[in-house]
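Student: Mind having a look at this structure? Questions to follow.
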Amino acid sequence: MNHQLASMRLLRKHLKDHPCLESYYDTAKYIINSFRLPAFYEVSDRCNLKCEGCYYFDADTFQPNLSVRREYDAQWNNFLGNEVIKGVTMPYFLGAEPALEQQRLIVASNHFNRGNVGTNGSIFLDPEIKFRISISAWSASEADDIRLRGKSALYQALKLYQGDPRAIVLYTINSQNIAQAKDIARLCQEHGLPVTFNLWSPTKKLIEKLNNFTGNDNNFFRISTPDASLRFSNDDLQLVRDTTGQLIEDYPDTVIYSHAYNRWSTTPGPLYKLDSNNVAENCGSRIGGQFKYYGMDLASKPIKCCTAAIDCNECRLYSGGMSSHFLPLPEQIDSLEGFLDWLDIILTIGRIFLRPETDPKAFTSKLDRSSIIKAARKAISQ
Ligand code: SF4
Ligand code: SF4
């Protein structure tokens, strides 16, 4: 029996035994269906920050081409029209910094009802842009923000997006900013913004530079040294797990994260099965088939994922991690606990990437999702 068939049998059994979970499973199916055909669109090859270890401006993969930008604008509208006809259900707009190319996003808003923009939040996105806005944050301390990203970005983002229903803060945790997650959760609560977590992951180039260290530069390798980089030790991972796990409990209306995903993403060692080239075989973010990544020339790029410079061996990025959970393995859901964990992850993904305004079905109504899951767990333990 193949994995999918075995998983379906287990799902059906759990639902038969616990009909109260049927509505949550329906919501999970709706969310998964929203990601049926994703596509990545690179809308900008410029950025106003210099984050340590940036995956975009990587010496091995970044190829700027000024003439391409003008052609891009002329063709963008027709190109997107064709993408809608092809049936893309979840467009991701990324860069470098997409907020530097707002007109492209406004045009895209006329084509797609849902979508996701990954931004550093330092520039306000026009209200005509209706997509989910994921704002990357790296530090709650202004001095550390400048040290890690070249400029202070968080406080500007909080000011610009306070209470904006499109926005969610994505705190990128590294080995040096774990303790600040608490301040970030508090700040987000104070500014009426939800927050979720992403685990910083090194590029292959950065690892190479650390292994053959000859000094730093003024760009994306300013502060890392072999003895003090942003990479995680196993102890760091445990601390991340404990810290974010506690924040889920302390800030239930602000922190959008899943205990099950937290445990998975902080497990020591590679999270994926790697092929002979050290590329993750079972990562849900792998480009292939109808799932495309379009570069600044609007051509589909044959790259492994949207963060191609990252080393799969150490990758803990939320993009790959979350999307790798859409199809559960039988061993993940062979107990009711496992099934509830999986449901919890999928419902969390919906709340991170979708908006109630565009996808009301992805948001369970009055009853609190985590309370239901806790109640179901309690019922099986009795
Ligand atoms: S905001 Fe993104 S593109 Fe800009 S430097 Fe940071 S990681 Fe790179
Ligand atoms: S998202 Fe997936 S394919 Fe991309 S670097 Fe991470 S593990 Fe590798």
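Student: How do Val84, Val169, Val279 line up, fewest other C-beta atoms within 10 Å first?
Tutor: Listing Val84, Val169, Val279 from fewest to most nearby Cβ atoms yields Val84, Val279, Val169.
Student: If r is the Cβ-Cβ distance from Val84 to Leu5 and R0 is 30 Å, what FRET efficiency results, to the nearest 0.05?
Tutor: Calculated value: 0.35.
Student: For the chain, what is the percent of antiparallel DSSP beta bridges, rounded to the nearest 5?
Tutor: 15
Student: Along the Cα→Cβ direction, 7 angstrom out, place labels at Gln162 and Glu22. What is the inter-label distance in nm?
Tutor: A separation of 4.7 nm, rounded to one decimal place.
Student: Just want the ordering: Glu208, Glu249, from fewest to most Cβ atoms lying within 10 Å of their own Cβ.
Tutor: Ranking Glu208, Glu249 by Cβ neighbours within 10 Å, fewest first, gives Glu249, Glu208.
Student: Which value at 222 nm does the chain reach when only helices count, each DSSP H run of 4 or more adding -39,500 (n - 2.57), with the total divided by all residues and rounded to the nearest 500 deg cm²/dmol?
Tutor: -12500 deg cm²/dmol
Student: Roughly how many nanometres apart are two label points built 7 Å out from the Cα toward the Cβ at Asn277 and Glu208?
Tutor: Taking the simple label geometry, Asn277 and Glu208 are separated by 1.5 nm.
Student: Okay, moving on. Which pairs, out of Lys159/Lys304; Lys204/Lys301; Lys151/Lys301; Lys86/Lys204; Lys86/Lys301, put more than 25 Å between their alpha-carbon atoms?
Tutor: Pairs exceeding the cut-off: Lys159/Lys304; Lys151/Lys301; Lys86/Lys204.
Student: Rounded if a/c is under 1.5, else prolate if a/b is larger than b/c, else oblate: which is the stretch 1-144, with a ≥ b ≥ c the root eigenvalues of its Cα gyration tensor?
Tutor: prolate
Student: Rounded, prolate or oblate, given the Cα gyration tensor of the chain, with a/c below 1.5 counting as rounded?
Tutor: Verdict is rounded for the chain.
Student: Let me ask something else about it. As a footprinting exposure proxy, order Arg9, Arg69 by other Cβ within 10 Å, with the fewest listed first.
Tutor: With the sparsest Cβ surroundings first, the list reads Arg9, Arg69.
Student: Next question, about the same structure. So if R0 is 35 Å, what FRET efficiency would Asn48 and Ile303 give, r being the distance between their Cβ atoms, rounded to the nearest 0.05?
Tutor: 0.90
FYI, it's all coordinate maths here, none of it is from the lab. Source: prediction; values computed, not measured. Glycine also receives a Cβ, built like all others from the backbone with ideal geometry; neighbour counts cover every protein chain displayed.
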